[in-house]
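The values are calculated or read from the model by the stated rules, or taken from the named source; none is laboratory data. If you're wondering where the values come from, they're calculated on a predicted model, not measured in any experiment. Every residue, glycine among them, receives a Cβ derived from its backbone with ideal geometry; neighbour counts consider all protein chains shown. Note: areas computed on protein heavy atoms with side chains; ligands, DNA, RNA excluded. Shrake-Rupley method; radii C 1.70, N 1.55, O 1.52, S 1.80 Å.
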Amino acid sequence: AGSRLVLYTDGVTEARNGAGELWGDDSLVSWWRAATAREATATGLKTSLTEAVRAFVGDAPATDDLTFLLLADNQLKV
């Protein structure tokens, strides 16, 4: 119960902002730690990841696809 998994393409970690900086692996790991502490569903994680990357990229043009798959076990053990 409570297990979560994210699978993603390089477009997630290689998303670039207007200065040409990459979002990167460290940003993904930081997001994951924070998001999984507060989000219980795959839908919530999807929204959170999409918003985090979009906030970083801002108005910069897309250079790659943003593809990911999130799985979450929302059942509670009693």
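General observations
- Taking the criterion of being touching a strand residue (DSSP E or B) at 6+ places or on another chain (Cβ under 9 Å), open to solvent by 50 Å² or more (accessible area, probe 1.4 Å) and closer than 17 Å to N74 by Cα, the residues of the range 1-30 that qualify are S3, R4, L5.
- Selection of the range 1-30 for residues being part of a strand (DSSP E or B) and free of Cβ contacts under 8 Å to residues at least 60 places away in the same chain yields R16, L22.
- Check on V53, in contact (Cβ under 8 Å) with a residue 12 or more places away in the chain and over 12 Å from the mean Cα position of the chain (by Cα): no
- The requirement of being open to solvent by 80 Å² or more (accessible area, probe 1.4 Å), free of Cβ contacts under 8 Å to residues at least 60 places away in the same chain and closer than 18 Å to S3 by Cα is satisfied by R33.
- Residue within the range 24-35 that is in contact with a helix residue (DSSP H, G or I) (Cβ under 7 Å, 6 or more places away or on another chain) and at pLDDT below 95 present: yes
- Of the criteria (1) open to solvent by less than 50 Å² (accessible area, probe 1.4 Å); (2) in a loop (DSSP other than H, G, I, E, B), which one G44 fails: (2)
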